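What follows is a single structure, written as structure tokens, with notes after it.
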Amino acid sequence: QKEVEQDPGPLSVPEGAIVSLNCTYSNSAFQYFMWYRQYSRKGPELLMYTYSSGNKEDGRFTAQVDKSSKYISLFIRDSQPSDSATYLCAMSLFGNEKLTFGTGTRLTIIP
Amino acid sequence: EAGVAQSPRYKIIEKRQSVAFWCNPISGHATLYWYQQILGQGPKLLIQFQNNGVVDDSQLPKDRFSAERLKGVDSTLKIQPAKLEDSAVYLCASSFGLKETQYFGPGTRLLVL
């Protein structure tokens, strides 16, 4: 079993829809949870960063962490074609280092 | 502010050849990371530097991979000899310090034939 599992997709949704992206993990010691966005031929960029359980909102993006279920989610509201990218979840014991990444979900927003 | 620079962007070599990648981090960033991202997978950390010292190289295949950051700024990653399974994107990232946000470069795409 991989330490972090993520549905690779691809996922295609119409513009304006709500997108839900998810990861599950097996290591209950993970404390820090991140979402990265990776455009084609580019490096990942940090989108959301959360510590422990709970929700965090930033504009159209909401990150949720449920440590009891070992499950994290990223919601994108009012999705735009510019949101088309691969979304990687990542987690760690020690903040922004020693990151364990998921495989990424490829998302396409259809205009 | 200039981002993380990497070169070359693409490289094609035959197996058993050697190859080197270069990374220039964001100015002032003390921490530098090299990741390997195989197609369809997430990035895997190969090595982490703090200034010119190695913090973590536990996942670096040391029989064929080497990396250095001699003056605590630029870094090079070398593979010698390359294997088919080394085909991947090699990403460099930097951060202001340990546990700070990592900023990634565009990566070097390596194809080993």
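The values are calculated or read from the model by the stated rules, or taken from the named source; none is laboratory data. Because the structure is a prediction, the values reported are computed rather than measured. Here the Cβ positions follow ideal geometry from the backbone for every residue, glycine too, while neighbour counts run over all protein chains shown. Side chains included, ligands, DNA and RNA excluded: accessible areas come from the protein's heavy atoms. Shrake-Rupley method; radii C 1.70, N 1.55, O 1.52, S 1.80 Å.
Regarding the range B:10-23, can at least one residue be identified that is at pLDDT below 95 and not basic (K, R)?
The answer is no; no qualifying residue exists.
Residue under question is A:G43, and the condition is that it be of a type outside the set (D, E, K, R), assigned to a loop (DSSP other than H, G, I, E, B) and under 21 Å from B:S95 (Cβ atoms); does it hold?
For A:G43, the condition - of a type outside the set (D, E, K, R), assigned to a loop (DSSP other than H, G, I, E, B) and under 21 Å from B:S95 (Cβ atoms) - is met.
Which condition from (1) at pLDDT 95 or above; (2) out of contact with any helix residue (DSSP H, G or I) (no Cβ under 8 Å at 6 or more places or on another chain) is the one that A:T100 breaks?
Of the numbered conditions (1) at pLDDT 95 or above; (2) out of contact with any helix residue (DSSP H, G or I) (no Cβ under 8 Å at 6 or more places or on another chain), the odd one out for A:T100 is (1).
Could you go through the range A:20-29 and let me know if any residue there is open to solvent by less than 10 Å² (accessible area, probe 1.4 Å), at pLDDT 95 or above and within 13 Å of chain B (Cβ to nearest Cβ).
Yes, because at least one residue in the range A:20-29 is open to solvent by less than 10 Å² (accessible area, probe 1.4 Å), at pLDDT 95 or above and within 13 Å of chain B (Cβ to nearest Cβ).
Within 14 Å of chain B (Cβ to nearest Cβ), open to solvent by 20 Å² or more (accessible area, probe 1.4 Å), within 28 Å of B:I38 (Cβ to Cβ) and in contact with a strand residue (DSSP E or B) (Cβ under 9 Å, 6 or more places away or on another chain): is that true of A:T86 in this structure?
It is true that A:T86 is within 14 Å of chain B (Cβ to nearest Cβ), open to solvent by 20 Å² or more (accessible area, probe 1.4 Å), within 28 Å of B:I38 (Cβ to Cβ) and in contact with a strand residue (DSSP E or B) (Cβ under 9 Å, 6 or more places away or on another chain).
Given B:L110, B:L98, B:L91, B:L77, which one is more than 14 Å from the chain's Cα centre (by Cα) and not aromatic (F, W, Y)?
B:L98
Looking at the range B:80-113, which of its residues are part of a strand (DSSP E or B), more than 11 Å from every other protein chain (Cβ to nearest Cβ) and open to solvent by 30 Å² or more (accessible area, probe 1.4 Å)?
Once the filter is applied, which keeps residues that are part of a strand (DSSP E or B), more than 11 Å from every other protein chain (Cβ to nearest Cβ) and open to solvent by 30 Å² or more (accessible area, probe 1.4 Å), the range B:80-113 yields only B:L111.
Look at B:R16 and say whether it is basic (K, R), open to solvent by less than 30 Å² (accessible area, probe 1.4 Å) and more than 12 Å from chain A (Cβ to nearest Cβ).
no
Could you tell me which of the residues B:G28, B:G40, B:G97 is on the phi > 0 side of the Ramachandran plot and touching a residue at least 40 places away in the same chain (Cβ under 8 Å)?
Sole residue among the options that is on the phi > 0 side of the Ramachandran plot and touching a residue at least 40 places away in the same chain (Cβ under 8 Å): B:G28.
State the number of residues belonging to the range A:52-83 that are open to solvent by 40 Å² or more (accessible area, probe 1.4 Å), assigned to a strand (DSSP E or B) and touching a residue at least 24 places away in the same chain (Cβ under 8 Å).
Total meeting the criteria: 2.
Among the strands (runs of 3 or more DSSP E) contained in the range B:38-79, which hold 1 or more residues that are within 14 Å of chain A (Cβ to nearest Cβ)?
Hits in the range B:38-79: B:44-50, B:53-56.
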